[in-house]
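Asks: Before I ask anything, here is the structure I am working with.
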Amino acid sequence: MMAKMEKTGKNARKETKSNNLALKAALWTAAIVLVVLTLLLVADSQFSFRRMERNPPFELMQNWFLISGALASAVFALSLYLIYIYLKDYFELKSKFTLGVLFAVVAFMLFALTSNPALLGAFGIERGMGPFSLLPMLFAVISLAILAWISSK
């Protein structure tokens, strides 16, 4: 009977610890999103690559805009989910591998944000102008470099 109570106490502590880790991971995920959005706002204020009017000339361009925006939004949502999962795992395991994968997923989230034409349009930035045309590929290279480095260890 005592062993059963002891197991129940251990399970309760384990469940409480798991809930605490999940909350901590969710808070860190929200903090990362806030930092990324703040950095995008700061970058937007520093560069004046603005578009004067918004009038796509072809219907094909409008369809590309919708499809590209939907795909970028899906990558962003999946990245948020993976950030949450890897933060939870990192807080429990303290593994350098998990931390490396977490940084790679953050870079993919940045890729999704900077390649989303709806977000760029909200800032008034025309896709393909100035440094904003290079950002998505830069973040993809960073994330793949991190994954390659982790895989070689």
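Asks: Does residue 93 count as at pLDDT 85 or above and closer than 19 Å to residue 30 by Cβ?
Replies: No, not satisfied.
Asks: Being modelled with pLDDT under 85, among the hydroxyl-bearing types (Ser, Thr, Tyr) and either within 17 Å of residue 150 (Cβ to Cβ) or touching a helix residue (DSSP H, G or I) at 6+ places or on another chain (Cβ under 8 Å) (or both): is that true of residue 98 here?
Replies: no
Asks: State all residues of the range 116-137 that are of a type outside the set (A, V, I, L, M), at pLDDT 65 or above and loosely packed, with under 12 Cβ neighbours inside 10 Å; if no residue qualifies, say none.
Replies: Correct list: empty.
Asks: May I pose another question? Just checking, how many residues over the range 80-114 are surrounded by 16 or more Cβ atoms within 10 Å (Cβ to Cβ), among the hydroxyl-bearing types (Ser, Thr, Tyr) and within 23 Å of residue 152 (Cβ to Cβ)?
Replies: 3
Asks: Output the qualifying pairs, or none if there are none: Cβ atoms under 8 angstrom, residues six or more apart or on different chains, first residue in the range 71-93 and under 13 Å from residue 104 (Cα atoms) and in contact (Cβ under 8 Å) with a residue 12 or more places away in the chain, second residue surrounded by fewer than 20 Cβ atoms within 10 Å (Cβ to Cβ) and among the basic types (Lys, Arg).
Replies: Hits for this filter: 87/24.
The values are calculated or read from the model by the stated rules, or taken from the named source; none is laboratory data. Source: prediction; values computed, not measured. Note: ideal-geometry Cβ built from the backbone for every residue, glycine included; neighbour counts use all protein chains shown.
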